[in-house]
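Structure, as structure tokens:
The numbers here are math on the coordinates, done by the rules we state, and not lab data. Quantities reported herein were computed from a predicted structural model and do not represent experimental measurements. Reconstructed Cβ throughout: ideal geometry from the backbone, glycine too, with neighbour counts over all protein chains shown.
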Amino acid sequence: MATLTIDRRSGKVAGYNVQWYDGKKRQTIHLGSKRYTKKTAERFKDIVEALLFYRRNEITTPEKTVENWLQNAPAELKAKLAKAELLVVEEVKTCQQLWEAFLKFKSATLKPKSIKNYGNCQTLFFEMFLPNESIESLTHDRLLEWKASMLEEYKESTVAGQIARLHALLNWAVEQEWLPKSPARKIERGSFRNREFDRFITMEEYAKLLDACPNQEWRTIIALARIGGLRCPSELRLLRWTDILQDRFTVHSPKTERHEGHDKRVVRLFDELREELDRHDQTGEFVVQSFQQRTWNLYNPFQEISERAGLGRIRCPFVNMRRSRANEVVRKWGEAMERLWIGHSWEVMEKHYLLQLDEDFATC
């Protein structure tokens, strides 16, 4: 039998204690009043009593109401129950574990070419997500941002194939009861673009981002994206110091190399970008050297920088930095220079990148 007691300090409720005797000593689970109400504490006491009853009677299948509570309970409460040996909490699966188990399952039925295609999807997946991340962190918004970043670098039919493989991966996770439902279920596979994530990152915000960077390499990464207009990471990872001259630099573009004459473009070396490159260590082969031997996961570190800069989280940050530069170039230097320096056709620019800015409404 469990009991609920109230902790009081200076006459105020400081928390609640759920206590029981296990035959050897009294056990206690404390709930702080700032996070849990008395009603929640009373319900928690009822759950403890039920779990004690199940343990005494070796019952492995809980009642529906108890099962529902356990499924929806905060992780902290489940951890408290696990520490008291009243609940076995399953280990949270990581993204790496998901991919390994899924590919092992698929290898028994798929042809080598199909397995290779899934392997390519896995590589692209880990450009945004970390291998040790919990699969519960794969939210709809983050997966949509991953899709937007791929659309920036690959043709729509290629991205549609990767999204189809993502659906297969997460639907399998649901079948294995690793996830209650797929976070990708509302993400379309075709040419869907969600322009509500479009954002112009101002030069004032750019300056704040630079000030919040942990080192010069990150200042250079942000400058190349926001001022140079590079696609990240595909164009960023290929940039070498030998590509950079006094007044211009050459960008190698995997996305457009299939089109004759579009495997690279020559971009003006803007003053703001030159300033960051001059500060950068130029001893390695590549401009961004430290990422060459590890996963190009730029999304999470960028969001930490953005939070420190006081800008909050920025949706599709590298796409939006490139979009911001494209809009500046087309207004200041015209459509032709935007096509040559940023690499868009006017049709693509108008459909996917062109924004209405406050300055467009300024009185002449």
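Taking the simple approach of a point 7 Å from Cα along Cα-to-Cβ for both residue 83 and residue 30, what is their distance in nm? The answer from the label model is 1.0 nm.
Here 247, 141 are placed in order of increasing Cβ neighbour count within 10 Å, fewest first, which gives 247, 141.
Placing a pseudo-label 7 Å from each Cα along the Cα-to-Cβ vector at residue 113 and residue 335 gives an inter-label distance of 4.0 nm.
Distance between the C-alpha centres of segment 67-130 and segment 245-320: 32 Å, rounded to the whole angstrom. Computing FRET efficiency as 1/(1 + (r/R0)^6) for residue 10 and residue 61, where r is the C-beta to C-beta distance and R0 is 45 Å, gives about 0.50. Using the Cα gyration tensor of segment 3-83, with a ≥ b ≥ c the square roots of its eigenvalues, what is the shape: rounded (a/c below 1.5), prolate (a/b larger than b/c) or oblate (neither)? Here segment 3-83 falls in the oblate category. Net charge dipole, the chain: roughly 1380 debye, given to the nearest 20, about the Cα centre with Cβ charges of +1 for Lys and Arg and -1 for Asp and Glu. The GluC sites (Glu not before Pro) of segment 260-364 that DSSP puts in a loop, and whose beta carbon has at most 12 other beta carbons within 10 Å, are 260, 285.
Exposed loop sites here are trypsin sites (Lys or Arg not before Pro) assigned a DSSP state other than H, G, I, E or B and surrounded by at most 10 other beta carbons within 10 Å; excluding them, the longest clear run of the chain is 35-180.
Note on 271, 263: ascending count of other Cβ atoms within 10 Å places them as 271, 263, the fewest first.
In a simple Cβ point-charge model (Lys, Arg +1; Asp, Glu -1; nothing else charged), segment 95-193 has a dipole of about 480 debye relative to its Cα centre. The chymotrypsin sites (Phe, Trp or Tyr not before Pro) of segment 303-361 that meet both conditions, a loop assignment by DSSP and at most 13 other Cβ atoms within 10 Å of the site Cβ, are 333.
What the Cβ-Cβ distance of residue 75 and residue 346 gives, at R0 = 45 Å and to the nearest 0.05, is a FRET efficiency of 0.35.
The gain in end-to-end length when the residue 168 to residue 262 segment is fully stretched comes to 30.5 nm, 0.36 nm per residue minus the alpha carbon separation.
Comparing 14, 207, 101 in a Gaussian network model of the chain (Cα springs below 10 Å), the most mobile by mean-square fluctuation is 14. Where (i) 80, 61, 45; (ii) 73, 41, 37; (iii) 115, 50, 37 are the candidate values, the label of the one calculated here for Cα extents along the principal axes in Å is (i).
Cross-link pairs exceeding 29 Å in C-alpha to C-alpha distance, out of 155/208; 64/181; 116/186; 34/186, comprise 155/208; 34/186. Among the GluC sites (Glu not before Pro) in segment 63-153, those placed in a DSSP loop whose Cβ has at most 14 other Cβ atoms within 10 Å are 63, 85, 90, 91. In summary, the aspartates and glutamates within cross-link reach of residue 24, defined as a Cα separation below 16 angstrom excluding same-chain residues under 8 places away, comprise 85.
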